[in-house]
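Engineer: Please find one structure pasted underneath; my questions will follow.
No value in this document is a laboratory result; all are computed from the given coordinates. Computed from a prediction, not measured in an experiment: that's the story for all the values here. Positions of Cβ are generated from backbone atoms using ideal geometry, with glycine treated the same way; all protein chains shown enter the neighbour counts.
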Amino acid sequence: MVRLYIVRHGETEWNQEGRMQGSFDSKLTEKGKRYARLLSERLKPISFSKMICSPSKRAVDTAKILNSDCNGKIMLDERIVEMKMGRWQGMTEEEIQLQFYEDYKKYIDQPELYRNDDGETFQDVLARVKGFLMDIQSEPDDGNILIVTHGSFIQILLILLKGKRLTEVWTEPIVEGTSLTRIDIYQKKIHMICIGDMSHVRICDKK
């Protein structure tokens, strides 16, 4: 059985400011680093056969905190990067709505029709997710795999595994920074153990 431990990167400065990041980057906040350290403690008893990470700096910085206790080399994979958002990157939601109202409306209400001249479509990300998942499903032996990625990747992975359409992409709850999603694969059958779990963060740490 292959067990996937899928982690969204820690909170960043732009997450805090409500800015869209896409392929751009911003630094992890102190909260993001603290949550990653708490998750690292939670994962300490688990032996990982490999660790796969998005090349984005915010994901790599999160992985390095986790890797201090998980051991093993970090493998970078371009297929699990955040959805590229073109001209929207660095802008707040309010700014995007003001400048790109019709496109933003499609992004939210009709994701299957959304287009961004300088970015990706949801179909583009879905193709990346499918390719990555096919490789994971072909893993020959048992093991635990730690994956550090982004919100859109996890969102689209979940609708794919649940047999949902792109029109339903926003029906899945948004996963928080350093949340843990656990998926087991046995003989190509999928078992979802937990989604967006934040139990490593104590209530007092959420303040």
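Engineer: Grab the Cα-Cα distance for Lys44 and Ser199, subtract it from 0.36 nm times how many residues apart they are, and report the gain in nm with one decimal.
Structural biologist: Gain on stretching Lys44 to Ser199: 54.3 nm.
Engineer: By how many nm would the segment from Met192 to Ile136 grow when fully extended, if each residue of separation counts as 0.36 nm and the alpha-carbon distance is taken off? Walk me through the numbers before you get to the answer.
Structural biologist: Values: separation 56, 0.36 × 56 = 20.16 nm, distance 1.51 nm.
That pair, Met192 and Ile136, stretches by 18.7 nm at full extension.
Engineer: Here is a further query. Just from its helices, what would the mean residue ellipticity at 222 nm be for the chain, if runs of 4 or more DSSP H residues each count -39500 (n - 2.57) and the sum is divided by every residue, rounded to the nearest 500 deg cm²/dmol? Spell out each step's value before the answer.
Structural biologist: Values: 7 runs with 76 residues, N = 207.
Result for the chain: -11000 deg cm²/dmol, rounded to the nearest 500.
Engineer: Only four residue types carry charge here, +1 at the Cβ of Lys and Arg and -1 at the Cβ of Asp and Glu. Report the dipole size of the range 1-140 about the Cα centre in Debye, rounded to the nearest 20.
Structural biologist: On the way: 23 positive and 24 negative charges, 168 e Å.
The dipole of the range 1-140 has a size of about 800 debye.
Engineer: Mind putting a number on the dipole of the range 61-141 about its Cα centre? Charges go on the C-beta only, +1 for Lys and Arg and -1 for Asp and Glu, and I need it in Debye to the nearest 20. Could the numbers behind the result be given before it?
Structural biologist: On the way: 10 positive and 19 negative charges, 29 e Å.
In total the dipole reaches around 140 debye.
Engineer: Convert each backbone phi in the range 154-161 into a coupling constant with the Karplus relation 6.51 cos²θ - 1.76 cosθ + 1.60 (shift: θ = phi - 60°), then list the ³J(HN,Hα) values in order as whole Hz, x for Gly and Pro.
Structural biologist: Using θ = phi - 60°, the values come out as 5, 4, 6, 4, 5, 5, 5, 5 Hz.
Engineer: Just one of [x] 16.7, 51; [y] 19.4, 58; [z] 18.6, 54 is Rg and Dmax of the Cα atoms in Å calculated from these coordinates, so which is it?
Structural biologist: Given [x] 16.7, 51; [y] 19.4, 58; [z] 18.6, 54, the structure-derived one carries the label [x].
Engineer: Quick one: putting +1 on the C-beta of Lys and Arg, -1 on the C-beta of Asp and Glu, what dipole do you get for the range 35-99 around its Cα centre, in Debye to the nearest 20? Intermediate results must be reported in sequence, preceding the final value.
Structural biologist: Values: 11 positive and 9 negative charges, 77 e Å.
Dipole of the range 35-99, to the nearest 20 debye: 380 debye.
Engineer: Putting +1 on Lys and Arg Cβ atoms and -1 on Asp and Glu Cβ atoms, find which of Thr92, Phe132, Val2 reaches farthest to the positive end of the dipole of the chain.
Structural biologist: It is Val2, whose Cα lies furthest towards the positive end.
Engineer: Can you give me the distance in nm between label points at Leu98 and Gln123, each placed 7 Å from the Cα along the Cα-to-Cβ direction?
Structural biologist: Roughly 3.3 nm, to one decimal.
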